[in-house]
Amino acid sequence: SMEALSTDISVGQTSSVSFLISNTGTAPIYSPTFSLTVPQPLAVTSNSTYSRSGLTINPGQSVKFNANITNGPKTPEGAYVCTLTVSYYDKFGNTHSSSFPMGIVAFGTIQFVIQDEQIVQNANGVEISGTILNQGTAPAFYAQITANVTGSSNLGSGTAYVGEVDVNTPLPFSITVTHSPIESNMAARVTLSTTYQNDFGQVLTQNLAI
């Protein structure tokens with residue numbers, strides 16, 4: 001039998017996938033060879049075929065198989081049907097093979113950077129402004145930027161809704177964080193994060209460097 005352990009890959013990158021192959025029969029299998037085939041535009045860049053001399057999988061035992069899959073930045077998101085084939089010998093030297101189709105899901109990447117940031121501080125608040133840029137391969141939806149201002153304690157936070165952030169399309173934002181009066185010589189730290197949804201409706205969060 002075959003269990004898919006990790007089958008998510010990122011568009012435009014090389015990703016690792018892994019599978020657990022178990023001998024659920026009553027006899028050992030000898031010298032198994034694992035072969036992974038994928039459809040275009042995916043490509044297996046390591047371990048497309050893997051074998052280990054002298055390997056025996058006894059009944060009830062399992063072996064983990066890993067491979068790397070790469071694809072281009074314009075690969076469409078979605079599920080791709082791939083096939084893992086296991087060829088092996090029995091104790092009489094006869095050859096056998098079993099094939100296991102499985103789905104591999106390609107996710108577009110979302111990578112935010114902050115540009116042209118400005119931080120203006122006064123006794124009662126901090127205003128943070130700039131533009132947010134998506135350098136990934138897929139758009140982000142319902143994006144919201146949160147700013148936190150901390151000193152010796154948490155001084156306050158604020159949010160700005162920016163909505164859909166398309167690839168290579170910078171969007172301006174401005175956040176005002178109000179807080180109680182602080183001493184003029186107190187050091188304060190500003191951190192930003194964004195919460196958004198990807199094409200599959202997953203809610204994700206990224207910390208943003210400023």
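The values are calculated or read from the model by the stated rules, or taken from the named source; none is laboratory data. Remember, it's a predicted structure, so these values are computed and weren't measured experimentally. Glycine gets a Cβ as well: all are built from the backbone with ideal geometry, and neighbour counts include every protein chain shown. Note: areas computed on protein heavy atoms with side chains; ligands, DNA, RNA excluded. Shrake-Rupley method; radii C 1.70, N 1.55, O 1.52, S 1.80 Å.
Worth pointing out:
- Note, ³J(HN,Hα) from phi for the stretch 31-38, Karplus 6.51, -1.76, 1.60, rounded to Hz, x at Gly and Pro: 6, x, 10, 9, 10, 10, 10, 10
- Taking all protein chains together and rolling a 1.4 Å probe, His179 ends up with roughly 20 Å² accessible.
- Ligands, DNA and RNA are left out, and with a 1.4 angstrom probe the accessible area of the chain is 53 Å² per residue.
- Additional length obtainable on full extension of the chain from Gln121 to Thr85, 0.36 nm per residue less Cα span: 6.7 nm
- Student exercise, the chain dipole from Lys, Arg, Asp, Glu Cβ charges, in Debye to nearest 20: 780
- Listed options for log10 I(q)/I(0) by the Debye sum over Cα atoms at q = 0.08, 0.09, 0.14, 0.16 Å⁻¹ are [x] -0.36, -0.43, -0.86, -1.07; [y] -0.27, -0.34, -0.84, -1.10; [z] -0.47, -0.55, -0.85, -0.98. The value calculated from this structure is the one marked [z].
- Estimated FRET transfer efficiency (Ser157, Asp8; beta-carbon r; R0 30 Å; 0.05): 0.40
- Annotation: extensible slack from Thr150 through Tyr30 equals 37.1 nm (criterion: 0.36 nm per residue apart, minus Cα-Cα distance).
- The magnitude of the dipole of the stretch 93-208, with charges of +1 and -1 set on the Cβ of Lys/Arg and Asp/Glu and taken from the Cα centre, is near 260 debye.
- Residues of the stretch 38-63 with amide N under 19 Å of a point placed 7 Å along Cα→Cβ from Ser99: 38-44, 48-50
- Sulfur and carbon atoms: percent of accessible area, the chain [1.4 Å]: 46
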